[in-house]
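Where a number appears in this text, it was derived from the coordinates with a stated rule and is not lab data. Because the structure is a prediction, the values reported are computed rather than measured. Methodologically, a virtual Cβ is constructed for each residue, glycine included, from the backbone with ideal geometry; neighbour enumeration extends over all protein chains shown.
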Amino acid sequence: MSISFKDLDPLLHSQLRLSIVSLLVGVESAEFNFLLEKTGATKGNISVQLKKLQEAGYIEISKSFRKNYPLTTCKLTKTGIQAFQKYVDALSTYLKKPKPE
């Protein structure tokens with residue numbers, strides 16, 4: 001009996017993008033600085049990854065101001081939640097131990 005491995009979403013298979021989505025799945029929304037702090041990424045790198053997630057429709061990014069300072073807030077979309085759930089499901093196929101024949 002062979003194991004059927006599911007394809008992993010290449011967009012979420014990046015460590016930083018997966019970290020961002022994993023953080024967002026547990027909250028309603030998150031500020032840029034929260035994601036920056038939790039991931040340990042650079043501002044430039046996290047900005048690039050957020051843009052890729054936004055272009056894929058996985059997150060929404062809103063920009064505003066708080067006390068005259070720019071504020072970037074990110075939120076997972078339904079598409080992003082579904083993609084994350086599908087990724088976790090696909091990853092689980094790699095973690096199952098095959099049963100002896």
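About the Cα centre of the chain, how large is the charge dipole given +1 on each Lys and Arg Cβ and -1 on each Asp and Glu Cβ? Please answer in debye to the nearest 20. Mind showing how you got there, number by number?
Working: 15 positive and 9 negative charges, 33 e Å.
It works out to roughly 160 debye.
Decide, for the stretch 18-67, between rounded, prolate and oblate: order the square roots of the alpha carbon gyration tensor eigenvalues as a ≥ b ≥ c, take rounded if a/c falls under 1.5, and otherwise choose prolate if a/b is larger than b/c, else oblate. Because its axes are fairly even, with a/c under 1.5, the stretch 18-67 counts as rounded. Cα centroid separation, the stretch 9-23 to the stretch 24-101: 6 Å. In the elastic network of the chain, a GNM with C-alpha springs shorter than 10 Å, the most mobile of Ala30, Ala83, Ala41 is Ala41.
Using +1 at the Cβ of each Lys and Arg and -1 at the Cβ of each Asp and Glu in the chain, identify which of Phe34, Leu91, Gln49 lies farthest towards the dipole's positive end. Result: Phe34.
Please give the FRET efficiency for Phe34 paired with Ser92, using the beta carbon to beta carbon distance and R0 = 22 Å, rounded to the nearest 0.05. Walk me through the numbers on the way to the answer.
Values: r = 28 Å, r/R0 = 1.27.
Efficiency at R0 = 22 Å is approximately 0.20.
A simple spin-label model places the labels of Arg66 and Asn45 2.4 nm from each other, with each point 7 Å out along Cα-to-Cβ.
Partner lysines whose Cα lies under 30 Å from the Cα of Lys86, excluding those fewer than 8 positions away in the same chain, are identified as Lys6, Lys38, Lys43, Lys51, Lys52, Lys63, Lys75, Lys78, Lys96, Lys97, Lys99.
Using the Stokes-Einstein relation with a Kirkwood hydrodynamic radius computed over Cα pairs, the translational diffusion coefficient of the chain at 25 °C and a viscosity of 0.890 mPa s comes to 166 µm²/s.
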